[in-house]
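Visitor: One structure, as structure tokens, below. Some questions next.
The values are calculated or read from the model by the stated rules, or taken from the named source; none is laboratory data. Keep in mind the model is a prediction, meaning the values are calculated, not measured. For neighbour counting, all protein chains shown are included, and Cβ atoms are generated from backbone atoms with ideal geometry for every residue, glycine included. Accessible surface is based on the protein model in full, side chains and every heavy atom, while ligands, DNA and RNA are left aside. Shrake-Rupley method; radii C 1.70, N 1.55, O 1.52, S 1.80 Å.
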Amino acid sequence: NSLALTTSPPTGNFLGLANVVLTPTSRGYIKLRSNNFFDTPLIDPALLKTDFDKVAMRAAVKSSLEFLTAPSWAGYVISPINGLENATTDAQIDAYVQKNTATIFHPVGTASMSPKGANNGVVDPDLKVKKIAGVRVVDASVLVCSTFYFCGVNS
């Protein structure tokens, strides 16, 4: 993704570990910038806007740190970098998460489906965009995400 390391690690071999909140409760938006279709849209993924998302990411980082301190990694993992090396409190981990969070460029479930005639939702069960004639959404953005099945893939 677009996040760059703020501190370059020393030369050698490295291990990268990514944490992802697969079912975030934060909801962003995509809006038209203007009526000129050549203008890029306004996009706000609203990352970490809910307490659930913040707590989930903090727990994921803590779990990763615990995993990498297991005896099996002795001699392989020397220390975290990029501001995480001294993060021991929840506030420090939260600051690290806030600074280093980005999307994984795999948005799904962004165009919610609802029953025909319902006022909510973006598309109906026939994938027709509500209130716009002749437009359908036929991609992963209409897939429903849940706790047991993430976007149609049994987890």
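Visitor: Restricting to the stretch 94-119, name every residue that is under 23 Å from Leu22 (Cα atoms), open to solvent by 90 Å² or more (accessible area, probe 1.4 Å) and modelled with pLDDT of 85 or more.
Guide: Of everything in the stretch 94-119, those that are under 23 Å from Leu22 (Cα atoms), open to solvent by 90 Å² or more (accessible area, probe 1.4 Å) and modelled with pLDDT of 85 or more turn out to be Gln98, Lys99.
Visitor: Of all residues in the stretch 65-93 being assigned to a loop (DSSP other than H, G, I, E, B), open to solvent by 100 Å² or more (accessible area, probe 1.4 Å) and closer than 20 Å to Ala18 by Cβ, which is modelled with the highest pLDDT?
Guide: Thr69
Visitor: Is it the case that Pro125 is exposed (fewer than 14 other Cβ atoms within 10 Å of the Cβ) and either modelled with pLDDT of 90 or more or under 30 Å from Thr11 (Cβ atoms) (or both)?
Guide: yes
Visitor: To continue, here is another question. Could you list all residues from the stretch 35-64 that are surrounded by 10 or more Cβ atoms within 10 Å (Cβ to Cβ) and either polar (S, T, N, Q) or touching a Pro at 6+ places or on another chain (Cβ under 6 Å) (or both)?
Guide: Of everything in the stretch 35-64, those that are surrounded by 10 or more Cβ atoms within 10 Å (Cβ to Cβ) and either polar (S, T, N, Q) or touching a Pro at 6+ places or on another chain (Cβ under 6 Å) (or both) turn out to be Thr50, Asp53, Ser63, Ser64.
Visitor: Okay, moving on. When the stretch 41-64 is examined, which residues are found to be hydrophobic (A, V, I, L, M, F, W, C), in a helix (DSSP H, G or I) and either under 30 Å from Lys31 (Cα atoms) or in contact with a Phe, Trp or Tyr (Cβ under 9 Å, 6 or more places away or on another chain) (or both)?
Guide: Phe52, Val55, Ala56, Met57, Val61
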